[in-house]
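Coordinate-derived values only; no laboratory data. Please read all numbers here as calculations on a predicted model, not as lab measurements.
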Amino acid sequence: MITPKTCCAAIRHKWLFAVVFCAGLFNHTLADDIEVYGSNYGVTNKPNVLFIIDSSDSMEYDTNGESASGDDRKVAILRRVFADVLSQSLGKINVGVTFFNSRTSGIKWPVSDITLEANAIDPDIPAGVKVEDVLVSLVNHYGTWDATNPLGGLSEAMRYFRGEPVWYNNWTWP
């Protein structure tokens, strides 16, 4: 039987649930990628950023999902934006890259200082080539194929950041 006392208790529980739920929403909205690009809080460690790039066939279409060619393709837009982000982030972030389509690619370049010479990481790369140049070259030359499987790319990234071995790291300098 519902009494005024049990009705008030139910309403209080609903209000408590609503308050806790809303507090949880606000807590999650505090995380923002702006801290990576504009942090001026005296942090001496640069943020580590691993770009997980879609290399599926869908990247050959325009942003509306329709057939496209040249600079209208999503992959062309991604390549331009990636190069711009790197050039504007010199000395501010460490960067690595991995790709995903229906298969995972492994970490194609480990997260590292983009201002370093690349042969400090891979001795097969000629002296004078910067990490930034290698990353841009990787993104510009990596092909697109197969279906989209973001879980594979995220799984590889998770394994990488945990310090676990990644499964498909077979890339060589183009």
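Points worth noting:
- Over 16 Å [Cα-Cα, the range 88-141], rounded percent: 41
- More than 11 angstrom apart: percent of Cα pairs within the range 60-103: 70
- Quarter of the Cα convex hull surface for the range 34-162, i.e. its orientation-mean projected area (nm²): 8.9
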